Structures are given as structure tokens and as C-alpha cells.
Amino acid sequence: MVRNRLYREPEQPYKLELKSKQIRLYSFDKVPKYLQSNPFIHTGYRYGLGIKDCLISLLYFNNETINIWSHLIGAVIFLYFLFRDIYVGTALPLLRSTSDYYFVLFYTVSVIICMICSVLFHLFGCISSRAFAEFLKLDLCGIGFGILGCYLCGLHLAFECYRDWRIRYETLIISIMFIAVIYYIQGVKRYITRNIHVTLFVIISLLGFLPGFHWYVLHGGWSNEFVQHFFPKLFVLYGILGIGTFAYLTKFPERYFPGSFDFFFASHQIWHICALGAFIWWYQNGIELLQYRLTNPCNIPVN
């Protein structure tokens with residue numbers, strides 16, 4: 001039976017390019033196809049490591065170091081939020097209902113899961129083609145879960161005074177994300193490129209403008225001070241994501257300076273930092289919105 005390109009192992013062993021006491025790094029042309037996603041990153045590749053050596057590689061620079069540590073630190077940041085706001089209760093005692101509490105909890109946990117899944121993929125994906133495929137599926141599920149948490153928390157808090165619309169939008173996004181994740185998991189077997197993965201996730205994220213503008217209209221537009229304060233924050237969120245997405249899809253800056261960004265400031269690293277920044281921005285503004293609603297309760301009939 002002919003195996004597809006994702007699971008095809010190299011026919012010959014790859015030559016050692018760089019060796020230290022703990023880790024071996026290879027150049028782009030010395031690693032198998034499934035690791036060759038970015039031809040502008042010339043060196044710093046790990047390949048064929050065991051689990052123990054992958055863990056040891058956390059302590060040595062390679063072209064995945066920033067990708068791994070950015071989201072490992074991100075998971076720690078959201079664990080801190082979980083402890084500060086939910087366990088200790090610095091912000092969440094101000095919540096107006098138990099549903100608010102659980103939606104913020106869900107968002108926080110979903111981001112932690114997203115960060116950890118990303119770390120596992122970038123840390124252990126170099127073990128083999130099969131490990132790469134399995135951890136890629138995990139990473140895609142984590143991204144989907146993170147986006148879902150972001151959506152559900154945002155919709156719940158923003159449409160506090162419009163329950164029927166909130167339920168409609170929440171049902172819609174749950175359905176879309178479920179279908180998307182199933183599609184991605186199956187798509188990994190057909191070697192769908194990660195550019196397509198990111199592009200489709202970005203399109204799903206951009207759908208947030210629909211409830212965003214609806215929220216704008218329901219609250220009376222720009223004449224409402226509440227809208228003036230919170231609506232621009234949505235554009236800041238998409239601005240952060242836009243920078244990361246542009247870098248990822250265009251492979252900027254390494255496309256224009258091949259080999260110069262093998263370890264630092266590569267496009268995928270910019271994507272990781274922007275994704276974490278967007279999650280933090282959304283979380284902090286969600287807490288602010290909760291506190292606003294405490295002192296400014298809904299003064300309209302619930303639809």
C-alpha cells in the first residue's frame with residue numbers, strides 16, 4: 001500500500017549538521033519533507049529525537065525554541081489568571097451571575113489547553129512523521145478550542161442584555177467550530193498545508209465582526225458612551241491577530257532575508273506572540289466589561 005506524503009519516512013539517514021553535548025541540529029535540506037514547511041528557515045531543525053531528548057532540547061536554542069517557550073509562558077500567564085481571578089477571586093466576585101463565572105472559567109481553561117497543545121506539537125513533532133501528524137491534530141484541536149472559548153466568553157458578556165441573540169450566536173459558533181475541527185483532523189491525513197489551516201481559522205475568527213457590528217447597532221451606535229469605550233477594543237484585537245496572520249502567511253521577515261531569522265523573530269514566532277497577545281487582550285477587556293456591567297446593569301427588556 002502506498003503511504004501518503006505525510007507519513008513517508010526518509011529513505012536514507014540525514015547527515016549531522018551541528019552537534020552539541022545534548023542536541024543535534026540539521027539544515028533544511030537534511031530533514032524529511034514533513035518538517036520542511038518553511039524553506040526560508042535554513043538551520044536549527046531537530047529530527048528523530050526521543051521524548052527525553054525533546055525535553056532536553058527545551059534548554060538549547062533551536063528554531064522551535066521561541067515557539068515553544070512563548071506558549072509555555074502563555075499557559076503560565078493564564079494559570080495565574082485562573083488563580084488570581086477564579087480561585088482567589090480578585091475580579092470574579094464582581095460577577096453578576098454564576099453563568100458569567102463559568103464562561104470566564106471556560107475561556108481561561110480553553111486558552112491554557114490551546115497553549116499546551118501548541119507546546120506539545122512544537123516540542124514533540126520532530127520525533128517522527130507519525131508523531132508530527134498526531135501532535136498536529138492535537139494542536140489544531142487546541143486552536144479550535146481556544147477560538148471557541150474566546151467566542152463564547154465574548155458573546156456571553158457582550159450580549160448580556162440580549163439573551164436570545166446570544167444563544168443564537170453561541171449555537172452558530174459551536175456548530176462551525178465542531179465542523180472545522182473534524183475537517184482539520186481528517187485533512188491532516190491528506191497533508192493539507194498549515195497555511196490552509198491558519199487561513200480557515202482566521203476566516204472563522206473574522207466572523208466575529210458579524211455579532212460585533214450587531215452589538216454596535218443594538219446599543220445605539222457611536223452615540224452610546226458604552227459603545228465608544230468598548231467597540232474600538234474589537235479592532236485592536238483584530239489588529240493584533242492581523243499582524244500575526246500577515247507574518248505567518250507571507251513568511252515575513254525571513255522570506256526577504258533567508259537564513260537570518262532561523263532562531264529569532266521568524267514569522268511563526270511573531271504569530272505565536274500575537275496570538276498570545278490577542279488572548280490576553282480579550283481576557284482583560286472581558287473582565288473590564290464584567291465590572292462595567294456591575295455598575296451599569298441592563299436597562300432594557302431582555303429579548
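Any read-out appearing in this document is the output of simple, stated calculations on the displayed coordinates, not a laboratory observation. If you're wondering where the values come from, they're calculated on a predicted model, not measured in any experiment. Note: ideal-geometry Cβ built from the backbone for every residue, glycine included; neighbour counts use all protein chains shown.
Going by neighbour counts of Cβ atoms within 10 Å, the residues HIS229, HIS71 line up, fewest first, as HIS229, HIS71. Along the stretch 32-44 the Karplus relation, 6.51 cos²θ - 1.76 cosθ + 1.60 evaluated at θ = phi - 60°, assigns HN-Hα couplings of x, 4, 5, 9, 9, 8, 9, x, 8, 9, 8, 9, x Hz to successive residues, with x for each Gly and Pro.
Taking 0.36 nm per intervening residue step and subtracting the Cα-Cα distance, what contour gain separates TRP281 from ILE185 on full extension? Let's see the in-between values first.
Values: separation 96, 0.36 × 96 = 34.56 nm, distance 2.87 nm.
Full extension of this stretch gives 31.7 nm more.
Once you reduce the stretch 94-172 and the stretch 70-88 to the center of their Cα atoms, the two points are 14 Å from each other. Across the stretch 167-174, rounded Karplus estimates of 3J(HN,Hα) from the backbone phi angles (6.51 cos²θ - 1.76 cosθ + 1.60, θ = phi - 60°) give 5, 4, 5, 5, 5, 5, 6, 4 Hz, Gly and Pro being marked x. Counting neighbouring beta carbons within 10 Å and listing from fewest to most, the residues LYS137, LYS33 come out as LYS33, LYS137.
Under the shape rule built on the C-alpha gyration tensor, where the axes satisfy a ≥ b ≥ c, the stretch 45-184 is oblate, since a/c reaches at least 1.5 while a/b does not exceed b/c.
So between ASP29 and THR250, what do we pick up on full extension, going 0.36 nm a residue minus the alpha carbon distance? If you can, show how the numbers build up before the last one.
On the way: separation 221, 0.36 × 221 = 79.56 nm, distance 2.11 nm.
Stretched fully, the ASP29-THR250 segment lengthens by 77.5 nm.
Label positions at ILE51 and ILE243, each projected 7 Å from the Cα along the C-beta direction, are separated by 3.8 nm.
Find how much the distance from TRP69 to LEU206 grows on full extension, using 0.36 nm per residue of separation minus their present alpha carbon separation; answer in nm with one decimal.
On the way: separation 137, 0.36 × 137 = 49.32 nm, distance 2.72 nm.
This chain segment gains 46.6 nm when fully extended.
Take the alpha carbon gyration tensor of the stretch 116-266, find the square roots of its eigenvalues, order them as a ≥ b ≥ c, and report rounded if a/c is under 1.5; if not, report prolate when a/b exceeds b/c, else oblate.
Values: a/c = 2.92, a/b = 1.63, b/c = 1.79.
In terms of gyration-tensor shape, oblate.
Close amide-amide hydrogen proximity is noted between TYR26 and GLY44, TYR45, ARG46, each under 5 Å apart and 5 or more residues distant or on a separate chain (H modeled in the peptide plane; Pro and chain starts excluded).
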